[in-house]
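Student: Shown below is the structure under consideration.
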Amino acid sequence: MAKSVLEKIWEDHTLAKRGDEYLLYVDRHLTHEVTSPIAFEGLRARGRRVRRPDLTFALMDHNVPTSDRTLPVRDENSREQMRTLAKNAREFSITVFDYFSPWQGIVHVVGPELGLTVPGITIVCGDSHTSTHGALGALAFGIGTSEGEHVFATQTVWMRRPKQMEVRMEGRFKSHTSAKDAILYVIRELGTGGMIGHAAEFRGEAVKNMSVEERMTICNMAIEGGARTAIVEPDDKVYSYLEGAPYAPSGEDWTEARKYWETLKTDDGARFDKSYKLDVSRLEPQITWGTNPAMCIGVSETVPEPRQFGDSSQRRIVERALEYMGLSPGQRIEGTPIDVVFIGSCTNARLSDLVMVARLVKGRRVAQGVRAMIVPGSMLVKRRAERMGLHRVFIEAGFEWRNSGCSMCIAMNEDRLGPGERGVLTSNRNFENRAGPGSRVHLASPLTAAASALEGKIADPRRYSLAGLDELGLEWVSPWIERNILKPLGGG
Amino acid sequence: MPEPVRRIVGKAAPLEMDDVDTDQIIPAQFLKVLSRKGLGKYLFYRWRFDEDGRPKQGFILDQEEYRDAVILVAGRNFGIGSSRENAVWALMDFGIKCVIASSFGDIFYGNSVKNGLLCIKLDEESVKRLRGMAARGELTLDIDVESETIKLPGGETMSFRLEPNVKKRLLEGLDEIEETLRGYEAKIREYEAKMRPFKIPSKAVMPIE
């Protein structure tokens with residue numbers, strides 16, 4: 001019978017079935033300082049151990065300051081959660097990438113870049129954006145704290161099998177549009193609940209042509225459309241991304257793994273419960289205007305007018321969002337003055353995102369009065385960018401060049417918008433108060449965010465030429481960077 | 001370990017809003033905790049308190065007639081967004097025992113089951129009707145998990161569906177870890193014994209970055 005890649009991995013990890021729930025073995029458990037302490041406490045209270053410390057990895061990302069790491073962590077509660085994770089990791093013999101680790105970063109950036117995430121495995125993490133790891137052909141689920149405790153103790157998770165939805169992306173992206181615009185558009189069309197109960201498999205020519213990092217962007221945000229998880233069948237690009245990564249298989253194991261990974265394709269005739277198709281060549285840069293990611297328009301469009309909506313409850317939702325965002329019905333989104341630009345988060349803070357930003361801002365200046373910050377997705381991303389000399393491009397343009405963490409995306413550290421402040425963020429959620437009380441967040445691609453930084457207003461990135469890779473004056477490029485970052489961008 | 005949930009009798013409060021994400025249920029600043037207790041005071045914090053932490057007037061659960069509500073009747077897509085289980089702990093600590101909506105965020109729904117917060121999915125029309133009734137005046141519902149029914153004042157009943165495992169978990173309040181280890185330890189070992197080496201992280205060495 002024809003099977004999808006998800007079905008193959010699901011079956012490979014099923015230990016038992018009970019009604020409509022499956023007991024799945026968990027090959028990788030990633031955990032961070034915010035959702036883990038109560039799970040560890042639960043283990044301690046009942047004298048339980050972590051069953052497989054060798055499959056469990058902890059890191060600090062949500063709370064960490066992105067300023068100078070030699071300074072003390074000022075927020076007492078953040079410090080306490082970070083200390084608690086370090087203590088728990090020691091007590092339960094788990095590897096931890098702490099505040100000072102050279103491999104510290106956002107969990108969904110670190111997993112793939114260190115080779116903890118590989119095709120064909122099951123991954124869970126106490127974080128909704130765990131779907132990101134599906135970009136490498138892994139079956140990945142965001143879970144709650146109680147489930148996390150269950151995984152610690154049993155290395156398994158009870159899971160209802162999601163229905164399957166095919167999201168097919170065809171065509172070629174026009175210049176200045178990218179994976180972020182595509183996924184924002186999908187959510188705009190399907191709504192925040194459009195994929196509830198489903199696992200999204202991204203397929204089609206446009207997905208095949210995406211770099212691994214772009215695939216992470218679409219899998220990451222599938223969750224904002226309600227998807228339980230997302231996946232892309234693995235290919236040579238994924239293998240190249242992982243080859244030589246510190247935790248990836250090596251030697252004979254690598255050869256064996258490759259053989260297995262080759263089998264992880266969605267068979268012709270595999271059945272999907274739902275299907276959605278998008279021609280990406282039609283897309284213009286997308287940006288959100290409201291308070292959930294589905295409230296999104298093209299950058300050249302106008303924000304909705306409540307009276308367009310026949311349904312009174314829909315009308316109220318739109319009115320409330322416009323009021324919160326401080327926008328007038330029917331106004332153009334482009335040209336709206338902004339205070340902050342944030343390039344960061346598990347959606348768009350990988351090396352290829354930073355290269356694209358550099359191509360747009362090279363030789364240009366951030367507008368006066370705008371605070372523009374770049375928060376690399378991991379300290380490894382930061383070091384790689386610095387070896388290439390990208391940080392000089394950013395600093396010369398007037399960006400803050402910070403250390404890694406979740407930062408303004410969740411505003412648990414000092415990086416936040418003040419009440420009423422407006423920002424263009426490359427992150428994934430524009431909920432009320434998400435980036436700080438009263439914050440007004442517009443989600444967009446790195447290029448749209450960068451162009452907005454230059455103008456001090458929401459801007460259409462298509463008005464800016466992109467510097468060629470050869471014009472960036474790259475100082476040092478490793479084979480990994482050449483293969484996985486520059487080549488997909490048409491260089492190297 | 002959650003307490004068994006068999007029957008919930010109490011007042012319902014209407015929350016006329018779709019897409020209530022877990023950031024609204026409890027903001028991220030209240031995730032910096034090391035215990036699940038006492039989170040009720042942060043429930044819907046931004047809707048109930050201003051920037052200086054002073055109570056705002058008018059949020060439904062702060063109104064006199066809904067203060068003792070144990071059932072929340074919401075809209076579409078309740079609990080979407082972040083996986084934070086704190087959302088469930090905050091609702092329960094506040095005294096909410098049941099949420100009725102036409103759809104739920106998947107992770108929120110799963111977290112609710114683990115903690116014994118009953119989430120009832122009804123069609124949009126029924127949700128709207130219940131919400132309207134709760135908004136118009138006192139609405140006391142009598143919810144029975146075993147028979148999957150909601151008794152309305154005046155004797156009318158509505159039925160709902162729970163997946164058998166969800167129902168069992170609610171009725172029995174099991175320690176799931178204990179249950180998994182007792183029932184499936186052999187299966188887990190069997191998988192581990194034949195786990196292929198490339199599925200296990202190798203010993204990390206510092207590569208060329």
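The values are calculated or read from the model by the stated rules, or taken from the named source; none is laboratory data. Please read all numbers here as calculations on a predicted model, not as lab measurements. Cβ sites come from the backbone with ideal geometry, for glycine too, and all protein chains shown count toward neighbours.
Student: Of all the strands (runs of 3 or more DSSP E) wholly in region A:292-409, which have at least 1 residues that are closer than 25 Å to A:PRO112 by Cβ, in contact (Cβ under 8 Å) with a residue 12 or more places away in the chain and out of contact with any strand residue (DSSP E or B) (no Cβ under 8 Å at 6 or more places or on another chain)?
Tutor: Values: elements: A:296-298, A:340-343, A:371-374.
Where strands (runs of 3 or more DSSP E) fall fully within region A:292-409, none carries at least 1 residues being closer than 25 Å to A:PRO112 by Cβ, in contact (Cβ under 8 Å) with a residue 12 or more places away in the chain and out of contact with any strand residue (DSSP E or B) (no Cβ under 8 Å at 6 or more places or on another chain).
Student: Restricting to region A:253-278, give me the number of residues that are in contact with a strand residue (DSSP E or B) (Cβ under 7 Å, 6 or more places away or on another chain) and exposed (fewer than 15 other Cβ atoms within 10 Å of the Cβ).
Tutor: The number of residues fulfilling the criteria is 3.
Student: Does B:ARG161 satisfy the criteria of being exposed (fewer than 13 other Cβ atoms within 10 Å of the Cβ), of a type outside the set (A, V, I, L, M, F, W, C) and assigned to a helix (DSSP H, G or I)?
Tutor: No, not satisfied.
Student: Then there's this: Hey, could you check region A:455-491 for residues that are under 24 Å from the mean Cα position of the chain (by Cα), part of a helix (DSSP H, G or I) and away from chain B (no Cβ under 14 Å) and say which is nearest to A:LEU425 (Cα to Cα)?
Tutor: Out of the qualifying residues, it is A:PRO461.
Student: Out of the residues in region A:393-450 that are more than 12 Å from chain B (Cβ to nearest Cβ), among the basic types (Lys, Arg) and closer than 25 Å to A:ALA182 by Cα, state the one that is surrounded by the fewest Cβ atoms within 10 Å (Cβ to Cβ).
Tutor: Top of the filtered list is A:ARG422.
Student: Let me ask another. The conditions are (1) touching a Lys or Arg at 6+ places or on another chain (Cβ under 8 Å); (2) assigned to a helix (DSSP H, G or I), and A:SER452 fails exactly one of them. Which is it?
Tutor: The single condition A:SER452 does not satisfy is (1).
Student: Using the structure shown, decide if B:ALA186 is more than 10 Å from chain A (Cβ to nearest Cβ), of a type in the set (A, V, I, L, M) and more than 20 Å from the chain's Cα centre (by Cα).
Tutor: The answer is no for B:ALA186.
Student: Hey, could you check region A:279-321 for residues that are surrounded by fewer than 23 Cβ atoms within 10 Å (Cβ to Cβ) and among the hydroxyl-bearing types (Ser, Thr, Tyr) and say which is farthest from the other protein chains (Cβ to nearest Cβ)?
Tutor: A:SER281
Student: Scan region B:105-114 residue by residue and report those that are over 15 Å from B:LEU162 (Cβ atoms) and not charged (D, E, K, R).
Tutor: Answer for region B:105-114, where residues must be over 15 Å from B:LEU162 (Cβ atoms) and not charged (D, E, K, R): B:GLY105, B:ILE107, B:PHE108, B:ASN111.
Student: Please count how many residues of region B:164-175 are out of contact with any strand residue (DSSP E or B) (no Cβ under 7 Å at 6 or more places or on another chain), at the interface with chain A (Cβ under 10 Å from one of its Cβ atoms) and in a helix (DSSP H, G or I). Can you show your working first?
Tutor: Residues of region B:164-175 out of contact with any strand residue (DSSP E or B) (no Cβ under 7 Å at 6 or more places or on another chain): B:164, B:166-169, B:171-175.
Now narrow it down to the ones that are at the interface with chain A (Cβ under 10 Å from one of its Cβ atoms): B:164, B:166-169, B:175.
Next cut, in a helix (DSSP H, G or I) only: B:164, B:166-169.
Qualifying residue count for the region: 5.
Student: Does B:LEU141 qualify as being touching a Leu at 6+ places or on another chain (Cβ under 7 Å), outside any helix (DSSP H, G or I) and either modelled with pLDDT of 95 or more or within 13 Å of chain A (Cβ to nearest Cβ) (or both)? Walk me through it before giving the result.
Tutor: Working: touching a Leu at 6+ places or on another chain (Cβ under 7 Å): yes; outside any helix (DSSP H, G or I): yes; either modelled with pLDDT of 95 or more or within 13 Å of chain A (Cβ to nearest Cβ) (or both): yes.
The answer is yes for B:LEU141.
Student: Listed residues B:LEU130, B:LEU181; which is part of a helix (DSSP H, G or I) and in contact with a strand residue (DSSP E or B) (Cβ under 8 Å, 6 or more places away or on another chain)?
Tutor: Exactly one of B:LEU130, B:LEU181 is part of a helix (DSSP H, G or I) and in contact with a strand residue (DSSP E or B) (Cβ under 8 Å, 6 or more places away or on another chain), namely B:LEU130.
Student: Here's another thing I want to ask about it. Return yes or no: is B:ARG48 charged (D, E, K, R) and either under 17 Å from A:GLY193 (Cβ atoms) or modelled with pLDDT under 95 (or both)?
Tutor: Working: charged (D, E, K, R): yes; either under 17 Å from A:GLY193 (Cβ atoms) or modelled with pLDDT under 95 (or both): no.
When the stated conditions are applied, B:ARG48 does not pass them.
Student: Looking only at region B:22-37, how many residues end up being touching a Ser or Thr at 6+ places or on another chain (Cβ under 7 Å) and either at pLDDT below 95 or acidic (Asp, Glu) (or both)?
Tutor: Here the count works out to 3.
Student: Looking at region A:138-252, what helices (runs of 4 or more DSSP H) fall wholly within it and have at least 2 residues that are crowded, with 24+ Cβ neighbours inside 10 Å and on the phi < 0 side of the Ramachandran plot?
Tutor: Qualifying helices (runs of 4 or more DSSP H): A:145-154, A:179-190, A:212-222, A:236-242.
Student: Moving to a separate point now. Among residues belonging to region A:1-28 that are small (Gly, Ala, Ser) and either more than 9 Å from chain B (Cβ to nearest Cβ) or at positive phi (or both), point out the one that is surrounded by the most Cβ atoms within 10 Å (Cβ to Cβ).
Tutor: A:SER4
Student: Follow-up question, since we're still on this one. Got a sec? Which of A:THR35, A:THR31 is within 24 Å of A:ALA230 (Cα to Cα), touching a His at 6+ places or on another chain (Cβ under 9 Å) and either at the interface with chain B (Cβ under 8 Å from one of its Cβ atoms) or in contact (Cβ under 8 Å) with a residue 24 or more places away in the chain (or both)?
Tutor: A:THR35
Student: Quick one: B:ALA69 ticks every box in (1) more than 14 Å from chain A (Cβ to nearest Cβ); (2) exposed (fewer than 15 other Cβ atoms within 10 Å of the Cβ); (3) in contact with a helix residue (DSSP H, G or I) (Cβ under 7 Å, 6 or more places away or on another chain) bar one, so which box is it?
Tutor: Evaluating B:ALA69 over (1) more than 14 Å from chain A (Cβ to nearest Cβ); (2) exposed (fewer than 15 other Cβ atoms within 10 Å of the Cβ); (3) in contact with a helix residue (DSSP H, G or I) (Cβ under 7 Å, 6 or more places away or on another chain) leaves (2) as the failure.
Student: Which of the residues that make up region B:14-50 are under 15 Å from the mean Cα position of the chain (by Cα), within 15 Å of B:ASP93 (Cα to Cα) and either buried (at least 19 other Cβ atoms within 10 Å of the Cβ) or within 8 Å of another protein chain (Cβ to nearest Cβ) (or both)?
Tutor: B:ILE25, B:ILE26, B:ARG36, B:LEU39, B:LEU43, B:PHE44
Student: Right, next: So, in region B:72-118, exactly how many residues are within 13 Å of chain A (Cβ to nearest Cβ) and in contact with a strand residue (DSSP E or B) (Cβ under 6 Å, 6 or more places away or on another chain)?
Tutor: Adding up the residues that qualify gives 12.
Student: For region A:253-291, enumerate the residues that are in a loop (DSSP other than H, G, I, E, B) and either within 19 Å of A:GLY191 (Cβ to Cβ) or of a type outside the set (D, E, K, R) (or both).
Tutor: Answer for region A:253-291, where residues must be in a loop (DSSP other than H, G, I, E, B) and either within 19 Å of A:GLY191 (Cβ to Cβ) or of a type outside the set (D, E, K, R) (or both): A:THR263, A:LEU264, A:THR266, A:GLY269, A:ALA270, A:PHE272, A:ASP273, A:LEU283, A:PRO285, A:TRP289, A:GLY290, A:THR291.
Every residue, every condition in (1) in contact with an Asp or Glu (Cβ under 9 Å, 6 or more places away or on another chain); (2) modelled with pLDDT under 95; (3) closer than 15 Å to A:ALA182 by Cα, yes or no:
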site	(1), (2), (3)
A:GLY193	yes, no, no
A:ALA206	yes, no, yes
A:SER240	no, no, no
A:TRP254	yes, no, no
A:LEU278	yes, no, yes
A:GLU284	yes, no, yes
